[in-house]
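Chemist: Attaching a single structure in structure tokens format; questions to follow.
Each value in this text was obtained by applying a stated rule to the coordinates, not by laboratory testing. Keep in mind the model is a prediction, meaning the values are calculated, not measured. Neighbour counts are summed over all protein chains in view; Cβ atoms, including those assigned to glycine, are modelled from backbone coordinates with ideal geometry.
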Amino acid sequence: MAIRERLSGNEAIAYAMKQINPDVVAAFPITPSTEIPQYFSQYVADQAVDTGLILVESEHSAMSACIGSQSAGARTMTATSSCGLALMWEMLYVAASNRLPVTMAVVNRALSGPINIHADHSDSMGARDAGWIQLYSENNQEAYDNFIQAVRIGEHAQVQLPVMVCQDGFITSHSIENIELMEDEVVKNFVGQYEPVTSLLNPHEAIAIGPYDSAAYYMEHKRQQAEAMKNACQVAKEVATDFEALTGRRYDYFEAYRMEDTETAIVVLNSTAGTAKSTVDTLRAAGKKVGLLKIRMFRPFPQEEICQALAHLKAVAVMDRSEGFSAAGGPVFAEVRSALYPLEQRPQIINYIYGLGGRDVTTQHIEMVYESLFDIMETNDPGEVYRYLSVRE
Amino acid sequence: MKTKAGIEINEQIGWKAISPGGIVTEAGSAQHFKTGDWRTMRPVWLQEKCRQCLLCAPTCPDSSIPVVERKREKFDYDHCKGCGICVKACPFEAIEWTKEIK
């Protein structure tokens with residue numbers, strides 16, 4: 001029987017970690033993810049887990065310790081936010097290219113400067129090309145469910161890549177909501193025993209990890225790493241199928257919300273999807289043909305599936321909760337618009353940068369976005385495609 | 001050196017067969033990586049001046065001065081990077097420091 005509880009997003013992740021009972025957790029506190037290692041350290045003190053908890057002096061060290069530990073063959077986890085993720089930067093690439101399936105909770109927070117502790121996606125979006133699988137979560141339930149599935153996806157022999165499970169700082173991480181937890185035994189059986197393909201502590205096979213790679217070999221390793229990311233698509237699907245069989249909760253690359261007979265839709269990640277669903281319901285009740293596409297898996301990017309899901313629309317707004325400073329729109333916009341390129345009849349597509357540094361996003365704001373899509377549908381002219389939502393002139 | 005599947009790792013190996021992350025599966029494999037072509041200066045052993053004091057061999061960072069039965073032998077030019085430390089270490093000017101000509 002599932003357990004009905006009420007937990008914050010951070011509590012949900014810490015609880016998932018407790019149930020998974022990893023070999024090692026190495027972490028350094030940073031707002032708003034601090035509570036995850038804090039709650040987990042209580043589980044360690046209470047001997048509720050067998051985990052070795054390594055408290056380090058920085059996030060660079062946290063990720064380095066994770067790399068060492070995972071190389072040794074230990075299932076390893078961590079959590080971070082914002083500047084903490086930025087300080088891990090160099091090591092993120094090492095974890096991915098050494099093919100080490102570390103699982104990391106990222107509690108999304110704006111990057112400095114000016115210093116800001118609130119939600120936006122500039123941290124994880126900046127790390128989108130580091131070779132990590134990225135899963136995004138609308139609420140505490142999805143953060144919990146994604147975190148448990150992440151272990152299986154990353155550790156799969158055809159993948160062997162690290163995974164970030166993202167949720168919005170404070171909005172999700174510190175809000176207490178109802179949640180349905182799996183039983184300890186069910187989680188334990190679902191993630192299974194970690195069987196690394198290679199490990200430093202295997203006495204029967206002496207190996208060295210992380211060697212110098214000359215120009216004659218480096219490109220083959222990158223091509224192989226790219227293939228692992230492609231493989232993650234299929235593996236994520238299989239893991240979601242197993243997860244659904246246990247919990248009844250269905251996960252896909254994205255959630256298509258009320259996308260049947262839709263003319264306009266917005267594409268969004270994380271908690272704003274919840275706000276936007278409410279707007280969709282209101283507009284649907286008023287007879288408007290609106291829908292929503294919530295991307296759950298941003299890396300690998302499900303390009304063909306997103307193209308198919310949006311192909312029949314007349315106008316689309318892609319919501320970016322981070323600036324890319326490309327002067328041409330945010331990172332999600334660039335990818336979604338590119339995904340639509342193969343279509344002969346493409347929908348009109350615009351970009352909204354929104355919610356930076358925790359700027360509140362309400363149903364009224366989302367309604368404004370749909371209103372602008374209705375205008376575009378009428379005139380068939382997108383106008384300025386790179387827009388800001390609720391910024392003062 | 002071979003992959004776990006037993007495939008020889010050389011410059012013909014393709015991306016499907018190469019070891020994930022470039023893990024090294026064999027001890028002492030650095031000798032397969034020839035660094036001699038990095039050299040711009042070349043130490044030349046003048047055998048007639050050499051007194052076999054062996055002060056040079058332990059200073060070499062690349063084990064490029066082989067010692068067999070307490071006597072040094074010719075330089076291993078496949079691995080010598082031409083750092084010149086042995087030239088400084090030799091008290092008898094038995095190692096000549098010359099330009100590498102390719």
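Chemist: Using the structure shown, select from A:K237/A:K289; A:K188/A:K230; A:K230/B:K4; A:K222/B:K99; A:K188/A:K294; A:K237/B:K4 the pairs with a Cα to Cα distance greater than 32 angstrom.
Modeler: A:K222/B:K99, as the Cα separations exceed 32 Å there.
Chemist: Nearest-5 percent of antiparallel DSSP beta bridges in the protein assembly as shown?
Modeler: DSSP beta bridges in the protein assembly as shown are roughly 35 percent antiparallel.
Chemist: OK, next. Check the cysteines of chain B one by one and keep only those with no other cysteine Cβ under 4.7 Å from their own.
Modeler: Cys with no partner Cβ under 4.7 Å: B:C50, B:C53, B:C60, B:C80, B:C83, B:C90.
Chemist: Normalised by the residues of the stretch A:39-194, what does the relative contact order come to in percent, with Cα pairs under 8 Å and at least six apart?
Modeler: About 21 percent, as a whole number.
Chemist: With +1 on the Cβ of every Lys and Arg and -1 on the Cβ of every Asp and Glu, and nothing else charged, how large is the dipole of the protein assembly as shown about its Cα centre, in debye rounded to the nearest 20?
Modeler: 1520
Chemist: Taking the Cα centre as origin and putting +1 on Lys and Arg beta-carbons and -1 on Asp and Glu beta-carbons, what dipole magnitude results for the stretch A:244-393, to the nearest 20 debye?
Modeler: The calculated dipole for the stretch A:244-393 is roughly 400 debye.
Chemist: Right, next: From Cα pairs below 8 angstrom and at least 6 apart in sequence, can you work out the relative contact order of chain A, rounded to a whole percent?
Modeler: 16
Chemist: I would also like to ask the following. Where Rh is the Kirkwood radius over the Cα pairs of chain B, the temperature 4 °C and the viscosity 1.567 mPa s, what D in µm²/s does Stokes-Einstein return?
Modeler: Approximately 83 µm²/s, per Stokes-Einstein.
Chemist: Put a dot 7 Å past each Cα toward the Cβ at B:V67 and B:K49; how far apart are the dots in nm?
Modeler: If labels sit at B:K49 and B:V67, their model points lie 2.1 nm apart.
Chemist: Local charge sum around A:V290 (other residues, Cβ-Cβ under 9 Å, Lys/Arg +1, Asp/Glu -1)?
Modeler: +3
Chemist: Here is a follow-up. Please rank A:I350, B:I13, A:I153, fewest neighbouring Cβ atoms within 10 Å first, as an exposure proxy.
Modeler: By the 10 Å Cβ count, ascending: B:I13, A:I350, A:I153.
Chemist: Which one, A:Y144, A:S122, A:I3, projects farthest toward the positive side of the charge dipole computed for chain A from Cβ point charges (K/R +1, D/E -1)?
Modeler: Farthest along the dipole direction, towards plus: A:S122.
Chemist: Same structure, new question: Sum -39500 (n - 2.57) across every DSSP H segment of at least 4 residues in the protein assembly as shown, then divide by the residue count to get the 222 nm mean residue ellipticity, nearest 500.
Modeler: -10000 deg cm²/dmol
Chemist: Please find the FRET efficiency linking A:E180 to A:Q47, where r is the Cβ-Cβ separation and R0 is fixed at 22 Å, and quote it to the nearest 0.05.
Modeler: The computed FRET efficiency comes out at 0.25.
Chemist: Under 8 Å for C-alpha pairs, at least 6 residues apart: give me the relative contact order for the stretch B:34-99, rounded to a whole percent.
Modeler: Across the stretch B:34-99, relative contact order equals 50 percent.
Chemist: Here's another thing I want to ask about it. Run the dipole for the stretch B:34-99 about the Cα centre, Lys and Arg Cβ at +1, Asp and Glu Cβ at -1, nothing else charged, and hand back the magnitude in debye, nearest 20.
Modeler: In total the dipole reaches around 100 debye.
Chemist: Which one of B:T40, A:Y212, A:T51 is farthest out on the positive end of the charge dipole of the protein assembly as shown, using unit charges on Cβ (Lys, Arg +1; Asp, Glu -1) and the Cα centre as origin?
Modeler: Result: B:T40.
Chemist: Quick one: what are the phi-derived ³J(HN,Hα) couplings along the stretch A:334-344, Karplus 6.51/-1.76/1.60 with θ = phi - 60°, whole Hz, x for glycine and proline?
Modeler: 4, 6, 5, 4, 5, 4, 7, 4, x, 5, 6
Chemist: Report, in whole Å, the centroid distance computed from the Cα atoms of the stretch A:370-384 and the stretch A:135-193.
Modeler: About 38 Å separates the Cα centre of the stretch A:370-384 from the one of the stretch A:135-193.
Chemist: In addition: In chain B, if the dipole is taken from +1 on Lys/Arg beta carbons and -1 on Asp/Glu beta carbons about the Cα centre, which of B:F92, B:L54, B:I9 is farthest to the positive end?
Modeler: Of the listed residues, the answer is B:F92.
Chemist: For the Cα atoms of chain A, what angle does the longest principal axis make with the long axis of helix A:140-155, in degrees from 0 to 90, nearest 10?
Modeler: Helix A:140-155 and the main axis of chain A meet at about 50 degrees.
Chemist: Let me ask something additional. Taking the Cα atoms only, what angle lies between the long axis of helix A:363-379 and the longest principal axis of chain A, rounded to 10 degrees?
Modeler: Taking the Cα atoms of chain A, the angle to A:363-379 is about 50 degrees.
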